[in-house]
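Peer 1: Encoded as C-alpha cells, here's the structure I'll be asking about.
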Amino acid sequence: MSDFTSNFWSVFVTTLTLVAIVACALLLWMAGRRKVVAHADNTTGHLWDVDLAEMNNPLPRWWVWLFLMTLLFGLAYLAAFPGLGSFAGRLGWSMQGEYEAEMAKARANLEPLYARFASMTPEQVAADPQAHAMGERLFMNNCAQCHGSDARGSKGFPDLTDADWLHGGTPEKIRETLTQGRIGNMAPLAAAVGTPEDVRNLSHYVLSLSGSPHDSLRASLGKPKFVTCAACHGMDGKGNQALGAPNLTDDIWLHGWGEATIAEMINNGKVNQMPAQEHKLTEAQIGVLSAYVWGLSNKPGAAR
Ligand code: HEC
Ligand code: HEC
C-alpha cells in the first residue's frame, strides 16, 4: 500500500472493509427484530407440502453471540494488524519485520560455524574444505542467478573464474566488491569521438588491441581517436581497475565483440551493476564467500 502515490486506494479499501462490517451488524440487528406475526400459533401462515409450516422463532442465542464475537474479533484484528488500507496496525507487525527477525535468528545460529574462519587469512579460508562447501552453497543461493552456477558468467555478468578482473582480484578487493557492490559506468562518447565513420574506425582499433579480427586500415585511422578512451581504459588499453574499466587487450569480452557491438558501446555507453550484499549477508558470510570466489581463479593454498 505504501507504494501508491496517493491514498485513494487506502481510503477505498478502508471504507469498503468498515462498510462491510457495519452491514453485517445491521443484518444481524434486522434479522433479530421481532416480525409482526398475525397467527397465534407462531407461524408465518405459509404452508408447504400440505403441512410444513414456517415458524417465526428468534435466532438461536448461541448463534447470535458467535456472530457478534466474529464481528468484534474482526474489528480487534483490524485494529491490531495491518488490514485497513495503509494503516499499519497498533502492534506494528509486518511481514518484512517477521522475515527480518527470522533471518536474524538464523544468522545468530550460524555465527559459531563461521567463528572458526575469523582468525584465518583469506588464502587459508579458500583452502579449507568446510569453508569451500559453505562458500559454494552461499554462491548458489545468492550469486548463481547472475554469474551462473559454474561462476563463468554470461554477457554482461563477469566470469569469476578467469583471473580477469574489472575491479581487482585480491581477496580484499573481492570483499569490497561483495560488501559495497560495484557500478561499471561508461558514458556515451560518440560525440567526443566524431562522425559515425570515426566510431567505426575506432571500433576496429579496439578490436586490433586484442588481435581480434579487424580491418587494419580502419584501425590505423581510428587509433588517434583512442585518446578519448585512454582516460579510463589507459593509453595502452589495458584498463583501470579503480574505475572498473576493462582491459581491452585480452580478448575477454564482457559485452561481446565485433564492430557493431563496440560501436554500440561507444554510442550508448553502459551502466552495469553488481548489487551490494552488506544488507543481505553477514560480514562472516561475505568473508567466506570472498575467499571462495578468490579460490575460483587461484589455486587454494598457493601463496600470493
Ligand atoms: C543481479 C545480478 C548479480 C548478482 C545477484 C550478483 N552479481 Fe556479482 N556482478 C554482477 C554484475 C553485473 C557485475 C559487473 C559489474 C560491472 O560491470 O562493473 C558483477 C561483478 C562481480 C564481481 C567483480 C568482478 C570483477 O571482474 O571485478 C564479483 C567478484 C562478483 N560480482 C561476485 C558476486 C558474488 C560473490 C555474488 C553473490 C553474493 C554476486 N556477485 C551476485 C551481477 C550480479
Ligand atoms: C569514463 C570512463 C570510460 C571511458 C572514457 C571509456 N570507457 Fe569503455 N568502459 C568503461 C567501463 C567502466 C566499462 C565497463 C562497463 C561495465 O562494467 O559493464 C567499459 C567497457 C567498455 C567496453 C566493453 C568491454 C567488454 O569487455 O565487453 C568497450 C569495448 C569499451 N569500453 C570501449 C571504449 C572506447 C572505445 C572508449 C573511447 C571512445 C571508451 N570505452 C571510453 C569506462 C570508460
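Peer 1: Got a sec? Which of A191, A219 is surrounded by fewer than 14 Cβ atoms within 10 Å (Cβ to Cβ), in the same structural domain as D251 (by TED's automatic domain parsing) and either more than 30 Å from P275 (Cα to Cα) or modelled with pLDDT under 95 (or both)? Let's see the steps before the verdict.
Peer 2: Working: A219 fails: surrounded by fewer than 14 Cβ atoms within 10 Å (Cβ to Cβ).
Going through A191, A219 in turn, the sole match is A191.
Rundown of residues vs (1) more than 18 Å from E259 (Cα to Cα); (2) among the aliphatic types (A, V, I, L, M); (3) within 12 Å of ligand 2 (Cβ to nearest atom), yes/no style:
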residue: Y205; (1), (2), (3): no, no, yes
residue: L209; (1), (2), (3): no, yes, yes
residue: S220; (1), (2), (3): no, no, no
residue: F226; (1), (2), (3): no, no, yes
residue: D236; (1), (2), (3): yes, no, no
residue: Q241; (1), (2), (3): yes, no, yes
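Peer 1: Right, something else. For residues that are more than 11 Å from ligand 2 (Cβ to nearest atom) and either farther than 30 Å from V288 by Cβ or touching a strand residue (DSSP E or B) at 6+ places or on another chain (Cβ under 8 Å) (or both), tally how many sit in region 179-189.
Peer 2: Counting residues in region 179-189 that are more than 11 Å from ligand 2 (Cβ to nearest atom) and either farther than 30 Å from V288 by Cβ or touching a strand residue (DSSP E or B) at 6+ places or on another chain (Cβ under 8 Å) (or both) gives 1.
Peer 1: Let me ask another. Looking only at region 131-156, which residues are part of a loop (DSSP other than H, G, I, E, B) and surrounded by fewer than 19 Cβ atoms within 10 Å (Cβ to Cβ)?
Peer 2: G148, S149, D150, R152, G153, K155, G156
Peer 1: Another question, if that's okay. Write out, first by first residue and then by second, each pair whose Cβ atoms fall under 7 Å of each other, whose residues are 6+ apart or on separate chains, and whose first residue, in region 210-224, is among the hydroxyl-bearing types (S, T, Y) while the second is in a helix (DSSP H, G or I) and surrounded by fewer than 16 Cβ atoms within 10 Å (Cβ to Cβ).
Peer 2: Short answer, once both residue conditions are applied: none.
Peer 1: For region 247-275, which residues satisfy the criterion of being surrounded by 17 or more Cβ atoms within 10 Å (Cβ to Cβ) and either touching a strand residue (DSSP E or B) at 6+ places or on another chain (Cβ under 8 Å) or β-branched (V, I, T) (or both)?
Peer 2: Selection gives T249, L254, I262, M265, I266, M274.
Peer 1: Contact list please: Cβ distance under 6 Å, first residue in region 157-170 and assigned by TED's automatic domain parsing to the domain that holds M140 and in contact (Cβ under 8 Å) with a residue 12 or more places away in the chain, second residue part of a loop (DSSP other than H, G, I, E, B) and more than 12 Å from ligand 2 (Cβ to nearest atom), pairs at least six apart or on different chains.
Peer 2: D159/R152; L160/A151; T161/A151; T161/R152
Peer 1: Among the residues in region 168-177, are any among the small types (G, A, S) and within 11 Å of ligand 2 (Cβ to nearest atom)?
Peer 2: No, that holds for no residue.
Peer 1: Out of all the residues in region 73-130, which are among the hydroxyl-bearing types (S, T, Y) and surrounded by 11 or more Cβ atoms within 10 Å (Cβ to Cβ)? I'd like the intermediate steps shown before the answer.
Peer 2: Restricting attention to region 73-130, the residues satisfying the condition of being among the hydroxyl-bearing types (S, T, Y) are 77, 86, 94, 99, 114, 119, 121.
Across region 73-130, the qualifying residues are Y77, S86, S94, Y114, T121.
Peer 1: Of the residues T5, T43, T70, T17, which is loosely packed, with under 10 Cβ neighbours inside 10 Å and either at pLDDT below 90 or in contact with a helix residue (DSSP H, G or I) (Cβ under 9 Å, 6 or more places away or on another chain) (or both)?
Peer 2: Only one candidate qualifies: T5.
Peer 1: Before we move on, is D159 more than 15 Å from ligand 2 (Cβ to nearest atom), over 23 Å from F117 (Cα atoms) and in a loop (DSSP other than H, G, I, E, B)? Can you show your working first?
Peer 2: Details: more than 15 Å from ligand 2 (Cβ to nearest atom): no; over 23 Å from F117 (Cα atoms): yes; in a loop (DSSP other than H, G, I, E, B): yes.
It is false that D159 is more than 15 Å from ligand 2 (Cβ to nearest atom), over 23 Å from F117 (Cα atoms) and in a loop (DSSP other than H, G, I, E, B).
Peer 1: What's the total number of residues in region 183-218 that are over 25 Å from F157 (Cβ atoms) and not charged (D, E, K, R)? Talk me through it step by step, then tell me what you get.
Peer 2: Here is the first cut: in region 183-218, the ones over 25 Å from F157 (Cβ atoms) are 190-202, 204-205, 208, 214-218.
Pick out the ones that are also not charged (D, E, K, R) and you get 190-196, 199, 201-202, 204-205, 208, 214, 216-217.
Total meeting the criteria: 16.
Peer 1: Could you say whether any residue in region 274-284 is more than 8 Å from ligand 2 (Cβ to nearest atom), within 21 Å of C143 (Cα to Cα), among the small types (G, A, S) and touching a residue at least 24 places away in the same chain (Cβ under 8 Å)?
Peer 2: Checked region 274-284: at least one residue is more than 8 Å from ligand 2 (Cβ to nearest atom), within 21 Å of C143 (Cα to Cα), among the small types (G, A, S) and touching a residue at least 24 places away in the same chain (Cβ under 8 Å).
Yes/no matrix, rows are residues, columns are (1) in a helix (DSSP H, G or I); (2) within 30 Å of I174 (Cα to Cα); (3) in contact with a strand residue (DSSP E or B) (Cβ under 8 Å, 6 or more places away or on another chain); (4) within 16 Å of ligand 1 (Cβ to nearest atom):
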site: A191; (1), (2), (3), (4): yes, no, no, no
site: D198; (1), (2), (3), (4): yes, no, no, no
site: N201; (1), (2), (3), (4): yes, no, no, no
site: G211; (1), (2), (3), (4): no, yes, no, no
site: A219; (1), (2), (3), (4): yes, no, no, no
site: F226; (1), (2), (3), (4): yes, yes, no, no
site: C232; (1), (2), (3), (4): yes, yes, yes, yes
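The values are calculated or read from the model by the stated rules, or taken from the named source; none is laboratory data. Model, not experiment: these values are computed from the prediction. All Cβ positions, glycine included, derive from the backbone under ideal geometry; neighbour counts span all protein chains shown.
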